[in-house]
Amino acid sequence: MLTVILLSCVDYDLASPDDVGFPYSDSGTGDALLDQPPEVVRDDPCPDDVNATFGPGEIYVKSWDRETDSGVLTAAVAGHYHVYDFTIAESGASQTNESAYFRVENQTNPSGAPALANCRDEWVVTDVDNDGAMSAGQRIYVGTFWLDAGDNDLTMHHFCPLVRDGACPDLHLQDDPDGTCESGNVNSVHFVGEGLCLVGL
């Protein structure tokens, strides 16, 4: 069976060093490597030379009463990474705004801000399973972050509070009035880390 995923195009911005609290130019990668996002959906196998773990297990957020949740992402080697995981949306067309953004805090980047943004200072991962599940083995891009070697605090934030604050209406899916951020729909988003994949810059 062929699965087709349609993703909307949005503008994105390169966060400045002052915005994120660390100088990209000192990372050894150079700003040029951070001027655009990678493929949003990754089909290729995860590089086997980049090791990372996530715990304590599943974290999840909802659009109204559980807007943030956290865990620990442990990396073997410090550096800038594009971070992927298996899809964070899992309810199909019954929840059409299972969208979230991430912060990864550490000593080098205490704000946890991503290197690339598509909504204010955040990279919002929009709901991709409204028309069908992603294919087995596919991973979705959740942001580009600086990771320190060792533990990094990863926090997932639901996108709906940003929408209700007037931000980024182009990322808010409104085809189903029962699934919008203004509705009572939970639009739950889950991050388990089972498909965690770091792609170094």
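The values are calculated or read from the model by the stated rules, or taken from the named source; none is laboratory data. Bear in mind that the values here come from a model prediction, so they are computed numbers and not experimental data. Cβ coordinates were reconstructed from backbone atoms using ideal geometry, including for glycine residues, and neighbour counts include every protein chain displayed.
Just the residues that are modelled with pLDDT of 95 or more and within 17 Å of THR68 (Cβ to Cβ), please, taken from region 125-144. The one that is modelled with pLDDT of 95 or more and within 17 Å of THR68 (Cβ to Cβ): GLY143.
Conditions tested, residue by residue: (1) over 12 Å from the mean Cα position of the chain (by Cα); (2) closer than 23 Å to GLY137 by Cα; (3) among the charged types (D, E, K, R).
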| residue | (1), (2), (3) |
| --- | --- |
| GLY55 | yes, yes, no |
| ASP65 | yes, no, yes |
| VAL104 | no, no, no |
| ASN118 | no, no, no |
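Selection within region 94-108: residues that are modelled with pLDDT of 95 or more and assigned to a loop (DSSP other than H, G, I, E, B). The member of this set that is nearest to ASP153 (Cα to Cα) is ASN106. Considering region 159-199, the residues that are small (Gly, Ala, Ser) and touching a residue at least 12 places away in the same chain (Cβ under 8 Å) include one that is surrounded by the fewest Cβ atoms within 10 Å (Cβ to Cβ), namely GLY184.
Give me the residue from region 81-91 that is part of a loop (DSSP other than H, G, I, E, B) and in contact with a Ser or Thr (Cβ under 9 Å, 6 or more places away or on another chain) and, out of that set, modelled with the highest pLDDT. Ranking the qualifying residues of region 81-91, first place goes to ILE88. Taking region 154-189 as the range and being of a type outside the set (Gly, Ala, Ser), closer than 22 Å to GLY112 by Cβ and in contact with a Lys or Arg (Cβ under 6 Å, 6 or more places away or on another chain) as the test, only THR155 passes.
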